[in-house]
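Below is one structure, written out as structure tokens, with a few remarks after it.
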Amino acid sequence: MDINIRLARPADVPNMAEIHARSWKTAYKDILPMAYIEAKNATRPAQFRRIITEDNDSQYIIECNGKAVGIMCVDMPQKDTAIINDSSIDDSFYELHAIYLLPEYYRRGIGTIALKFAIDKARKAGKCNMILWVFEENRNAVSFYESCGFHADGARKIYNCGENIEVIRMIKNFSEAPE
């Protein structure tokens with residue numbers, strides 16, 4: 001299995017929209033209302049056309065044997081005033097904003113490779129901590145991140161999607177030797 005992770009280009013927009021939509025439909029089917037998922041997925045092509053420019057430096061395509069199978073965004077943490085039980089996030093942090101794979105590529109080790117890539121990018125930027133947000137009910141994702149050394153730090157926020165869903169923040173310190 002040959003995995004390549006590269007910056008997304010405007011030509012990748014259709015693949016990115018499809019990957020995001022299919023992943024949401026599978027990963028969140030028992031967490032978010034299906035009407036909400038379908039409404040959000042309808043906006044994906046326009047969303048990616050807006051954010052993927054030639055100057056992109058945070059949105060990535062994950063390829064397996066030359067086929068686009070995942071997307072990822074890793075960059076500086078977003079400032080968010082809606083956080084409950086916030087602990088200090090300082091300049092030592094980077095954020096994994098998103099990682100999504102086509103459902104047929106789940107549980108093949110690709111997410112682990114992508115996460116290592118994100119941590120390497122953070123290290124190169126001089127960071128030693130990574131944060132991410134995940135639906136608390138998304139036990140598959142929470143378990144995956146825990147197996148990769150992340151832990152919930154107590155910060156939470158509410159994601160409103162027609163109903164309120166809790167999102168938790170997870171943190172990993174990687175100031176020690178690389179994995």
* To do: Note down all Cβ pairs under 8 Å where the first residue falls in the range 1-16 and is more than 15 Å from F48 (Cβ to Cβ) and among the aliphatic types (A, V, I, L, M), the second is surrounded by 11 or more Cβ atoms within 10 Å (Cβ to Cβ) and modelled with pLDDT under 95, and they're at least six residues apart or on different chains.
  => M1/R108
* Asked: Residues in the range 71-88: is at least one modelled with pLDDT of 95 or more and over 16 Å from I131 (Cβ atoms)?
  -> yes
* To do: Working only within the range 151-177, note down all residues that are within 22 Å of L115 (Cβ to Cβ), hydrophobic (A, V, I, L, M, F, W, C) and either open to solvent by 70 Å² or more (accessible area, probe 1.4 Å) or over 17 Å from the mean Cα position of the chain (by Cα) (or both).
  => A155, F174, A177
* Verdict on I99 being β-branched (V, I, T), under 15 Å from the mean Cα position of the chain (by Cα) and open to solvent by 50 Å² or more (accessible area, probe 1.4 Å) -> no
* **Subset of the range 39-79 [of a type in the set (G, A, S), over 19 Å from Y94 (Cα atoms) and under 18 Å from the mean Cα position of the chain (by Cα)]** => A68, G70
* Could you tell me which residue of the range 33-66 is surrounded by the fewest Cβ atoms within 10 Å (Cβ to Cβ), considering only residues that are among the basic types (K, R) and in contact with a helix residue (DSSP H, G or I) (Cβ under 9 Å, 6 or more places away or on another chain)? => R49
* **When residues of the range 132-179 are limited to those that are in contact with a strand residue (DSSP E or B) (Cβ under 9 Å, 6 or more places away or on another chain) and on the phi > 0 side of the Ramachandran plot, the one modelled with the lowest pLDDT** => G154
* Structure fact -> Restricting the range 105-127 to residues that are among the β-branched types (V, I, T) and within 23 Å of P77 (Cβ to Cβ), the one most open to solvent (accessible area, probe 1.4 Å) turns out to be I113
* Failed criterion for A11 (all others in (1) part of a helix (DSSP H, G or I); (2) more than 23 Å from P77 (Cα to Cα); (3) touching a Phe, Trp or Tyr at 6+ places or on another chain (Cβ under 9 Å); (4) of a type in the set (A, V, I, L, M, F, W, C) hold) -> (3)
* How many residues does the range 10-32 contain that are surrounded by 21 or more Cβ atoms within 10 Å (Cβ to Cβ) and among the β-branched types (V, I, T)? -> 1
* What is the residue count in the range 138-150 for residues that are within 22 Å of K127 (Cβ to Cβ) and open to solvent by 80 Å² or more (accessible area, probe 1.4 Å)? -> 2
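The values are calculated or read from the model by the stated rules, or taken from the named source; none is laboratory data. Since we're looking at a predicted model, the values are computed, not measured. Quick reminder, even Gly has a Cβ in these numbers, built from the backbone with ideal geometry, and neighbours come from all protein chains shown. Keep in mind that these areas ignore ligands, DNA and RNA; they rest on the heavy atoms of the full protein, side chains included. Shrake-Rupley method; radii C 1.70, N 1.55, O 1.52, S 1.80 Å.
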